[in-house]
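Data block below; observations after.
Where a number appears in this text, it was derived from the coordinates with a stated rule and is not lab data. Small disclaimer: the values here were computed from a predicted structure and weren't measured. Here the Cβ positions follow ideal geometry from the backbone for every residue, glycine too, while neighbour counts run over all protein chains shown.
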Amino acid sequence: MATRMEIELTSRRDDGTWTWRAAGARQPKGVVEPDLVPADAAVGTRFRAEVEPGLDGVAIVHLAPLLRGEDRHDGAQRLEILGSGRVQAGVSVRLARRRAGDRRPGEDRDRRRPREDRPRDERPRHDRPREDRRTRGATPAGEAAEPRAGEEARARRGTRSEGGGAGRAGRPGARRFTPSTTYRNAVLASLRPEQLPVAEQLLRGGIPQVRRAIEEQNARAKAEGRDGVAPEPLLAMAEELLPTINLAAWKDRAVAARDAGRTAPLRELRAIVAAASTVGLDDEGRELLTAVRQALEAKVAQIREAWLGRLRSHLAAGRVVEALQESAQPPDHGTRLPADLAMALAQAASEAMRQDLDPTEWLALLDAVVASPVRRSVRPAGLPETADEELRRRARQAAGLVPELARLLGIPLPPPPGARPVPARAS
């Protein structure tokens, strides 16, 4: 989109083109074609120009003479305020106090009633008696309090949320990871003016973004009847600037991750370490990579310890189903249960699947065992005494994953199925 600005002609070249600069600037900005400049123009003449920015700089598409009184740099148009020379006191303002009975515009009359005269449910929260806040949600004596939905969810999860998910985006109070712009700004400040538009497009989306910007600019030029720009020089410039731009963007992310430490998201730390192999690191970049790797290792160790702590807590409290479900969601695909913890979990699951257990609870245990990494070590104590055909059918389906079920059902041991996908954990 073309914009207007005031320019000044600075010189005329041998080929007939003119150089120009913005009015009041020191250095020339660009070149204007001779067919746009009036024949009576001279060096120093100012015009009202319509300019259009592009990847190769600012292009002038039209020149018009300044209107009368529009030349802001002409000394004859300036006004000088002399004043009287006397020093006078400033203006002071004093607000009158609000009188009793006055009300602000739009204020309800009922709001001016004393607090004790208004119904309790119409009073603001801070105006309610203190005993209301103390007894809010209380139940009469002799009646059991009905648990809230959030409390039921916390009871089902147990202590799952304790110590886990550090840096998780959805957790209240988690810090948002925001890369810095120090290195990118330094690189942009060191570039030539004609390189800045290309560098900005590289920061937005790399070489594909530069190609899209060139295509859009040429499409606009074609629609307006103008010649487009040649893409080859701009793409060559983009290829030359790409390593420097990529390194600066990577350093900005690495510095933010290093400063965040353990509060940085695990996914972002891994992405930064993986992206280090795609840029040419200098000495400073290698130091940043070492710091980010140390932060990643500390983060993984912290999450793993929190995961094992929750699992041990479930086992100690006798929450076998929660312990099995927790073991099925390790923080990392390479994380394995310690041998002693795996044996304790398998033993607890085997003892929990008793014959006197309700079929619904037994099936819930079976589902948790099938999804856990200790399923082949679990030896159920027996099938429920009131087992129906549906329970036996599901037990036969799980016999390939839990071999001990085949012995309880009296059937040949089926071959184990393929590897089960590991449930994804939000990070």
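Taking one quarter of the surface of the C-alpha convex hull of the stretch 319-409 gives a mean projected area of 5.6 nm².
Leaving out same-chain residues fewer than 8 places away, which lysines sit with a Cα under 25 Å from that of Lys251? Counting by Cα, and skipping residues close in sequence, Lys251 has these lysines nearby: Lys299.
Where nothing but the Cβ of Lys and Arg (+1) and of Asp and Glu (-1) is charged, how large is the charge dipole of the stretch 319-409 around its Cα centre, in debye to the nearest 20?
420 debye
Quote the relative contact order of the stretch 280-425 in percent (integer), defining contacts as alpha-carbon pairs under 8 Å separated by 6+ residues. Walk me through the numbers before you get to the answer.
Details: 150 pairs, mean separation 28.9, N = 146.
Worked out over the stretch 280-425, it gives 20 percent.
Global dimensions of the stretch 3-66 from alpha-carbon coordinates: Rg and Dmax equal 10.6, 32 Å. Applying the Karplus relation 6.51 cos²θ - 1.76 cosθ + 1.60 with θ = phi - 60° to the stretch 15-32 yields 3J(HN,Hα) values of 7, x, 6, 10, 9, 9, 8, 5, 4, x, 7, 9, 10, x, 9, x, 10, 10 Hz, where x marks Gly and Pro.
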